[in-house]
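Worksheet: one structure, shown below.
Just so it is clear, none of the values below were taken in a lab; they were calculated from the coordinates. The structure presented is a predicted model; accordingly, all values stated were derived computationally and were not measured. Don't worry about glycine lacking a Cβ; one is built from the backbone with ideal geometry, like all the others, and counts go over all protein chains shown.
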Amino acid sequence: MKKTFVQTFVIFSIFSLLVAPCFGEALQAFEGQEGTIKIAGGTAHIPVMKEAAKRIMTRYKDILITVAGGGSGLGIKQVGEGLVDIGNSGRKPKPEEIEKYKLKMFKWAIDGVGVVVNPTNKVQSLTKDQLKDIFSGKIDNWLVLGGVKHAITVYTRDEASGTRAVFWEKALDKENISTKALFVPSNGAMKTAVANDPYAIGYVSVGHMDETVAPVALDGVTPTLDTVKGGQYKIARGLYSNTKSDPSGLTRLFINYLFSPEGQKIASEKGFIPVK
Amino acid sequence: MNNAKEIIAKNVFFLSAVASAVMILAIFGFMIALGIPLFKAGNFLAIWTGPWAPHEGLYGIWPMISGTLWIALLATALCLPLSLGTSFVITSLGSPRLCKMLGTLVRFMTGIPTVIYGFVGIFLLVPLVREGIGGPGMCVLTAGMVLAILISPTMILFFTNSLLSVDVSYVQAAKALGANRVQRLLYVMVPRATGGMAAGIILALGRALGDTLIALMLAGNAIQAPHALLEPARTLTAHIALVKAADFDSLEFRSIFVCGIVLYLFATAATVAVRLILRKREVPT
Amino acid sequence: MQELMEKLAVFLSWTMTLVLCLCLFIFLSYLLIKGLPSLGAELIFGKAEPLRVLLGHDRVFDGIFPAMIGTFFLVILSAMLALPVGVCSGIYLAEYANPGMKKLFGGLFDILAGIPSIVIGLFGFSLSIFLHNHFSDRFGPCLLISSLSLAVLVIPYIVRSTQMSLEELPSNIRRTALALGATRLQNIAYVLIPNALSGISSGLFLAIGRCAEDTAVILLTGVVAMAGVPSSLLSQYEALPFYIYYISSQYSNPAELSNGYGACLVLLGICAVLFMFAYGLKKHLSYRMLYRV
């Protein structure tokens, strides 16, 4: 009787020790905590934020995490003004922003910004000059590039977007974007817009790319996770979560969670390159 | 004791009314207060007539004013024949049962949320326009069409009301002289109801000018002023919804308050015009 | 010639009516075809169990339950804020004001009713910035600010419906109590208001319907894409109209899009019911108010 009990106990303990990492010791840090974390900013970060929030909130009912978009500019501004606890940005905060808000930056993943077109589009490779001409409006029909005879619909993001800032600086070399370009408010919206419009061209976070859109090779290099990681695709940026001066309490725990093995795994599952 | 209660009650009621009325002025005041930095920093004229290019320091809202006017005027123009026809049928041409059904239908339409019109518009109308007519699909035409449907109940009910409020003695006199239904409608009722109908058009136009979601979802939000029906555009309302994300102290952000001022003035002008017309014509409202 | 014009007018009128009905038919059937399949417990509660969610044990992540609760709270709060002020203002305008005041206030309320909803949202947003900078860091766009803004949006409906239903009461009802010695206040409280109740509640339903469907105001004053069930007045929240707007611009898979259609049907159902109630209660009263909708 006693022997069976001991046996069961040993087996159970070994089993739980094997299973425990699945629950993630990172989550354990939140044990006994309660409160709210408000997150806003970069739209590229949203899938990771939502997944992390979901895991934490499912396990610990007393914690509430709200996630909003709005773009990198909004994230930096709102965390600086104290309206949110964590402000995400898809670009590195500028020195004057860091100075003004006493920001502390945490880069937990690397992402690329790639050009995308609708999967039905035959044109899936461009040179940088062609790209600049398309976005500025000089080339305005797909026929010129070997595609169907239809006007090119350019999609772009608003000024607050970090994705836009990186794309404009590194892919367009700071050239103008046509005033006829249609505006979409987030990476997710850009993906949906391009997926639904056969004549569209836009730019989106590499992490957001899936089979509903087709990546466009720039000067021969296709934007994928590997080419960004390997450095061949040069249009890349870090994903930052910023806080106002040193984070504490729940916010600190959340940032730690992003850097934990589990958090980094979420990042890579969502299509980004973890830093660790 | 009773007297005190009376006086208190009267004052409470009065204050409520004043509080509500003060809101109107407060709204305008906030807009001006928060929009002032933009006026101070830039050329006053440039704000109303210049292009929108924040990274070059240009904060003109003319493209948005233009977009608003294009879409709202198109919507009103498309809505007018629709509403005229339907109100003619409801007031004169249809059988009583049909009229009742149509009336219920139109009243039902007023309850349809704007966002749902936009949702269906994105997935049903935009591809149709893009493939069937041309252009990016999200343009002035698409937004104008859906907006026309949105404001039609307002116009129809207003037209119907005006037509039915025509003094019945005129209509009966015409009937006695041998006029049939159509003739009574066209030559007696409509001429006497033009005041009310004008008011209805202005009201619908005001509603079209102030709508946010349709233009936000269907017109593309490009920063240029549109020059053709198939070009994308941005309205003042959509601009406010899009730019709220910017830096609070930046001039870009201040522009949304200027947009708010313009919208406020448009709406007030429309309301005042309607009140003047209705009062002049003495159409019972 | 004249006869030709008349025939043309008749023909065009019927054609236009047909066009309108056709548009509406296509619109509704498209929604129903796309949305009916997704109606069900999974639309609302996602992968969580309904009973556990309702008891507060589980959170919903892929359903519209938080959005529905958010809209519900929003509507209740706005109604609570707008109803007293609106009814009192209406009473004042109907019973106490002289013609000059009536015209002035009438004009002001008409202007308020005509202001685009996004401008009112902008006002709420500026209010929250003002409060944030001058009073407490905890203020920001939230449920409270949204409710205040929505209340400002719908007060004209309530004022006008109260005023009109009071003014329409026949004079014998109005004068009987007074003749028996009641004070003005007693007359209002015990006789006039109860008789005008159907008109006032009609206005209330119209206001509630307006709050439930409005997107522009909440867009600027605190609605977010993911927030769970609102935990306090100063918290951000989700709402049904915003959910629909959000899904329309960024859905990650067909299931989410299907949810969007389902949410459209739910919102349409809620608003249609509210508006039809409003009309049922006081039919011709709604005609006059209607042109402001």
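Per-structure values
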{"quantity": "DSSP beta bridges in the protein assembly as shown [antiparallel fraction, %, rounded to 5]", "calculated": "60 percent"}
{"quantity": "Within straight-line cross-link reach of B:Lys40, lysines at Cα separation under 25 Å, skipping those fewer than 8 residues along the same chain", "calculated": "A:Lys77, A:Lys100, B:Lys244"}
{"quantity": "Rg/Rg_globular for segment A:127-177, with Rg_globular taken as 2.2 N^0.38 Å and Rg from C-alpha atoms", "calculated": "1.19"}
{"quantity": "Choice from B:Ala273, B:Ala225, B:Ala41 with maximal GNM fluctuation in chain B (Cα, 10 Å cutoff)", "calculated": "B:Ala41"}
{"quantity": "Loop sites in segment A:195-266: trypsin sites (Lys or Arg not before Pro), DSSP, at most 14 other Cβ within 10 Å", "calculated": "A:Lys234"}
{"quantity": "Counted charge near A:Arg237, where neighbours are those whose Cβ lies closer than 13 Å (Asp, Glu -1; Lys, Arg +1)", "calculated": "+4"}
{"quantity": "Ranked C:Met68, C:Met1, C:Met276, criterion: other C-beta atoms within 10 Å, fewest first", "calculated": "C:Met1, C:Met276, C:Met68"}
{"quantity": "Estimated D of segment B:1-115 in µm² per second, where Rh is the Kirkwood radius over Cα pairs and Stokes-Einstein applies at 20 °C, 1.002 mPa s", "calculated": "107 µm²/s"}
{"quantity": "Sites matching trypsin sites (Lys or Arg not before Pro) across segment A:51-112 that sit in DSSP coil, with at most 16 neighbouring C-beta atoms within 10 Å", "calculated": "A:Lys61, A:Lys102"}
{"quantity": "Alpha-carbon Rg/Rh ratio, for segment B:1-59, with Rh computed the Kirkwood way", "calculated": "1.44"}
{"quantity": "At 0.890 mPa s and 25 °C, Stokes D of chain A from Kirkwood alpha-carbon radius, µm² per second", "calculated": "122 µm²/s"}
{"quantity": "Net charge of neighbours whose Cβ lies under 14 Å from the Cβ of B:Ala173, counting Lys and Arg as +1 and Asp and Glu as -1", "calculated": "+2"}
{"quantity": "Partner aspartates and glutamates for A:Lys128 [C-alpha distance under 12 Å; skip if fewer than 8 residues away on the same chain]", "calculated": "A:Asp173, A:Glu175, A:Asp219"}
{"quantity": "Average other protein chain Cβ within 10 Å of Cβ, residues A:191-197", "calculated": "4"}
{"quantity": "For B:His239, net neighbour charge (Lys/Arg +1, Asp/Glu -1) across residues whose Cβ lies under 14 Å away", "calculated": "-1"}
{"quantity": "In order through segment B:91-102: 3J(HN,Hα) via Karplus (6.51 cos²θ - 1.76 cosθ + 1.60), integer Hz, x for Gly, Pro", "calculated": "8, 10, 8, x, 6, x, 5, 4, 4, 5, 5, 4"}
{"quantity": "Rg/Rh (Cα only; Kirkwood hydrodynamic radius) as it applies to segment B:149-247", "calculated": "1.25"}
{"quantity": "Ellipticity estimate at 222 nm from DSSP helix runs (n ≥ 4, -39,500 (n - 2.57)) divided over the protein assembly as shown, nearest 500", "calculated": "-20000 deg cm²/dmol"}
{"quantity": "Long-range amide H partners of A:Asn88 with built H, under 5 Å", "calculated": "A:Ala40, A:Gly41, A:Gly42, A:Asn242"}
{"quantity": "Pairs from A:Lys102/A:Lys276; A:Lys174/A:Lys244; A:Lys94/A:Lys170; A:Lys244/A:Lys270; A:Lys94/A:Lys180; A:Lys107/A:Lys244 whose Cα-Cα separation, in the structure shown, is over 18 Å", "calculated": "A:Lys102/A:Lys276; A:Lys174/A:Lys244; A:Lys244/A:Lys270; A:Lys94/A:Lys180"}
{"quantity": "Per-bin percent of Cα-Cα distances, segment C:7-166 [5 Å]", "calculated": "2, 8, 10, 10, 10, 11, 14, 13, 10, 7, 4, 1, 1, 0"}
{"quantity": "Lysines with Cα under 23 Å of C:Lys34, excluding same-chain neighbours fewer than 8 positions away", "calculated": "A:Lys191, C:Lys47"}
{"quantity": "Helical segments meeting 27 Å axial Cα length and Kyte-Doolittle -1.0 threshold in chain C (DSSP H)", "calculated": "C:2-35, C:65-91, C:143-167, C:193-213, C:254-281"}
{"quantity": "Amide hydrogen neighbours beyond the local backbone of A:Ser125, cut-off 5 Å, H modeled", "calculated": "A:Ala217"}
{"quantity": "Binned Cα-Cα distances of chain B, short to long, each 5 Å bin given as a whole percent", "calculated": "1, 5, 10, 12, 13, 13, 12, 10, 8, 6, 4, 2, 1, 0, 0, 0"}
{"quantity": "Average other protein chain Cβ within 10 Å of Cβ, residues C:166-175", "calculated": "0"}
{"quantity": "Average other protein chain Cβ within 10 Å of Cβ, residues C:247-260", "calculated": "4"}
{"quantity": "Descending Cα extents along the principal axes, segment C:88-151, whole Å", "calculated": "46, 22, 18"}
{"quantity": "Over segment C:64-291: Kirkwood hydrodynamic radius from C-alpha pairwise inverse distances, Å", "calculated": "18.9 Å"}
{"quantity": "Acute angle (nearest 10 degrees) that the helix A:72-81 long axis makes with the longest principal axis of chain A, alpha-carbon atoms", "calculated": "50 degrees"}
{"quantity": "Along chain A, longest interval not containing exposed GluC sites (Glu not before Pro), exposed being DSSP loop plus at most 11 other Cβ atoms within 10 Å", "calculated": "A:35-210"}
{"quantity": "All Cα pairs of the protein assembly as shown, percent lying beyond 48 Å", "calculated": "25 percent"}
{"quantity": "Projected label distance in nm at A:Glu99 and C:Leu22, using a 7 Å step from Cα toward the beta-carbon", "calculated": "6.5 nm"}
{"quantity": "Globularity ratio of segment C:1-73, using Cα Rg and 2.2 N^0.38 Å", "calculated": "2.08"}
{"quantity": "Protection proxy ranking of C:159-169, C:109-119 - average other beta-carbon atoms within 10 Å, highest first", "calculated": "C:109-119, C:159-169"}
